[in-house]
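Quick notes on the structure that follows.
Bear in mind these aren't lab numbers, they're just calculated from the coordinates by the rules spelled out. Computed from a predicted model, the values in this text were never measured in an experiment. Cβ sites come from the backbone with ideal geometry, for glycine too, and all protein chains shown count toward neighbours.
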Amino acid sequence: MRETELLRLTRAALTVRLRPAIRKDIVMSKAVTRCRWAEGVSREYIAYHDKEWGVPVWDDRRQFEFLVLEGAQAGLSWSTILNKRDGYRRLFAGFDPEKVARFTKKRIEKLLLDPAIVRNRLKIESAVTNAKAFLRVQKEFGTFCDYVWQFVDGRPIQNNFKKDSDIPATSPQSDALSQDLRRRGFKFVGSTIVYAHMQATGMVNDHVTGCFRHKSCAALAKNKG
């Protein structure tokens, strides 16, 4: 499957993150109110929502981790990627972009045989390509964070959506960042994927207003680094 075909599936796959299938074996917490998409999938999914999603990321390696994971998600559900996250961490050198940038063709062929990650050649090769582009950005701007955060003027965008269905799949900022990343040689960085990356790394706070994490993530936005 070509990259363009995978990207066509991304919008639908990201929508799955907003409206997951409810599993009867997962107890939905009534102690707090969450974004609806976080409930009923798995305890790991809830933990991701409660502890990571929307928290501003000022660490380059963490940014690279989400670039790899969000790219790997194209055409798949986010729960699939979360379940393989440890595999990615192990096989992608702890998400060290310098090490990933040195992956050889032989190393890539070996990765394609490992079920711990999504065994898609385009996605694996794009991770290596993106690592090289990531290093170029670091060399130009000092840090990748200094580069990427300029697209939101250095501060997280604080949205106030009341329900999950109000949350957009893209934004003018993700359009601009996507275009610039592509210009710099990054792959699997369409605007939908980039917006998901922005949500994950707290560049935009898309917790709905009734979610207990909305205010706490807004407060974290005031403390850079």
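In summary, the lysines within cross-link reach of LYS187, defined as a Cα separation below 29 angstrom excluding same-chain residues under 8 places away, comprise LYS51, LYS84, LYS99, LYS105, LYS106, LYS110, LYS123, LYS132, LYS139, LYS224.
Write out the trypsin sites (Lys or Arg not before Pro) in segment 129-187 meeting two conditions: DSSP loop, and at most 16 other Cβ atoms within 10 Å of their Cβ. Please list the in-between numbers first.
Numbers: sites: LYS132, ARG136, LYS139, LYS162, LYS163, ARG182, ARG183, ARG184, LYS187; in loops: LYS162, LYS163, ARG184, LYS187.
When the trypsin sites (Lys or Arg not before Pro) of segment 129-187 are filtered for loop state and at most 16 Cβ neighbours within 10 Å, LYS162, LYS163, ARG184 remain.
What the Cβ-Cβ distance of LYS163 and LYS139 gives, at R0 = 41 Å and to the nearest 0.05, is a FRET efficiency of 0.45. For segment 96-225, the dipole from Cβ point charges (+1 on Lys and Arg, -1 on Asp and Glu) about the Cα centre works out to 480 debye, to the nearest 20. Ellipticity at 222 nm from helices only: DSSP H runs of n ≥ 4 in the chain, each -39500 (n - 2.57), divided by the residue count, give -15500 deg cm²/dmol.
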